[in-house]
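Input: a single structure, listed below in structure tokens.
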Amino acid sequence: MLARIEAKIALAKAFSSRTSGSATFIPAVRSLSSSDSAAAAAPFDLAVIGGGSGGLACAKEAAELGARVCVFDFVPPSPTRGTSWGLGGTCVNVGCIPKKLMHLAAGVGDTLRHAGAYGWQLDGGAPRHDWEALSGAVKQHVKSLNFGHRSQLMQRNIDYCNMLAKFEGYEGGTPDRPLLALSATNPKTGRSRRVLAANAVVAVGGRPSLPADVPGAAQLGITSDDLFWLPRSPGRTLVVGGGYVALECAGFLAGLGLQAEVMVRTDVCLRGFDRQMANLVVDFMRQH
Ligand SMILES: Cc1cc2nc3c(=O)[nH]c(=O)nc-3n(C[C@H](O)[C@H](O)[C@H](O)COP(=O)(O)OP(=O)(O)OC[C@H]3O[C@@H](n4cnc5c(N)ncnc54)[C@H](O)[C@@H]3O)c2cc1C
């Protein structure tokens, strides 16, 4: 934690010196012991840990300002289903993008159900939803975005490492601007790497977790991360929680014709959101 805070402070200092001075990024002093050739190759101006919306935006911006940047991103498989994905973080893989596509699918179904009243003749009878087709299409779209993010990093000469990174301490540099030492590994391939960087940004996001004190949850439950990548329909689903992720998941499941129940420990859903809006959402969900 201390290293994270110090790294963030170091970055803030580097950027404030850039913005208050010339328009180009000022790289930190580079002096390294030649004994560690892997790390000594060339220290980075900036190491970004996390290849989600935050980390990628930061990395790209810094590279465009002339910084030498590396990005570490690795997605440990989810505990029950082993779900993992490519570059882009939560939004691209298990958040905004698949969620919106699934809501769009639910909306298309709704339109189809009312189509007859507007004069449309659906020859095949009542529409039937195919989860496998939707989930396959969502997966393909997300993969194309993963590829797009990788090429954007390449175009900017950003060094991308599909590895879990951690701080090891300081090494080299000068007493007032020591370099940060980071080590990284890919637990799947066993590949590892060590880099030095003048600054670092921690943009590791968050993952949902299953409660350890609820019997069976860890064995039988899934999270929203798994839901978006399920190859087969989840069928009738109990959604536990009243936050926006829970309600959005319940919403598209119901819209796709599945039975979804939401279980919330208090009467308050969408805590922290505007109450009038939250009540409208909850009332709508109750009616449907
Ligand atoms: C279902 C759902 C729907 C959402 N819908 C919306 C929406 O409609 N609009 C909106 O604005 N937001 C939405 N969000 C929120 C949005 O997805 C997040 O706010 C955003 O993705 C956070 O970005 P981030 O870069 O901070 O972290 P993340 O995108 O989570 O990226 C962090 C990355 O760092 C990696 N990582 C973690 N530790 C390490 C390490 N030590 N080494 C290397 N890599 C590491 C992680 O595996 C991950 O890939 C939604 C979220 C969910 C779950």
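Every number in this text was worked out from the coordinates using simple rules, so none of it is lab data. These figures come from a predicted structure and were not determined experimentally. Cβ: placed from backbone, ideal geometry, glycine included. Neighbour counts: every protein chain shown.
Here are some notes:
- Whole-Hz Karplus values for the range 167-179 come out as 7, 10, x, 9, 7, x, x, 10, x, 8, 10, x, 8 Hz, taken residue by residue from phi with 6.51 cos²θ - 1.76 cosθ + 1.60 and θ = phi - 60°; glycine and proline positions read x.
- Low-density loop positions, trypsin sites (Lys or Arg not before Pro), the range 226-288 - DSSP coil, at most 11 other Cβ in 10 Å: Arg232, Arg236, Arg265
- The residue among Leu256, Gly50, Ser233 whose Cα reaches farthest toward the positive pole of the charge dipole of the chain, with charges on the beta-carbon of Lys, Arg, Asp and Glu, is Gly50.
- Efficiency of FRET from Cβ geometry, Asp176 and Asp283, R₀ 41 Å, rounded to 0.05: 0.10
- Nearest-0.05 FRET efficiency for Lys143 and Tyr118, computed from C-beta distance (R0 35 Å): 0.45
- MRE, 222 nm, helices only [DSSP H, n ≥ 4, -39500 (n - 2.57), over the chain, to nearest 500]: -12500 deg cm²/dmol
- For the range 86-93, putting each phi into the Karplus relation 6.51 cos²θ - 1.76 cosθ + 1.60 with θ = phi - 60° gives couplings of x, 5, x, x, 4, 4, 6, 9 Hz, in residue order, rounded to whole numbers and with x for Gly and Pro.
- The H on the amide N of Val239, modeled in the peptide plane, is under 5 Å from the matching H of Glu261, Val262, Met263, each at least 5 residues off or on a different chain.
- With a cut-off of 19 Å on the backbone N, the residues of the range 232-255 near the modelled label site 7 Å out from Glu132 along Cα-Cβ are 232-236.
- Sparsely packed chymotrypsin sites (Phe, Trp or Tyr not before Pro) within the range 63-151, loop by DSSP, other Cβ within 10 Å at most 15: Trp120
- Karplus (6.51, -1.76, 1.60) ³J(HN,Hα), θ = phi - 60°, over the range 110-124, in Hz, Gly and Pro reported as x: 4, 4, 4, 5, 9, 4, x, 5, 9, x, 7, 9, 8, 4, x
- Given charges at beta-carbon only (K, R positive; D, E negative), |dipole| of the chain in Debye: 360
- Once Rg and the Kirkwood radius are both taken over the C-alpha atoms of the chain, their ratio Rg/Rh works out to 1.07.
- Residues whose amide H falls under 5 Å from that of Tyr160, counting only those 5 or more places apart or on a different chain, are Val71, with hydrogens built in the peptide plane.
- Met154 versus Phe273: modelled label distance in nm, points set 7 Å from Cα along the beta carbon direction: 4.0
- Fraction in percent of alpha-carbon pairs per bin - 5 Å, the range 234-287: 4, 21, 33, 25, 11, 4, 0
- Using the Cβ-Cβ distance between Arg232 and Glu64 with R0 set to 25 Å, the FRET efficiency from 1/(1 + (r/R0)^6) comes to roughly 0.05.
- Under-16-angstrom lysine pairs by C-alpha in the chain, whenever the two are 8 or more apart or on separate chains: 5
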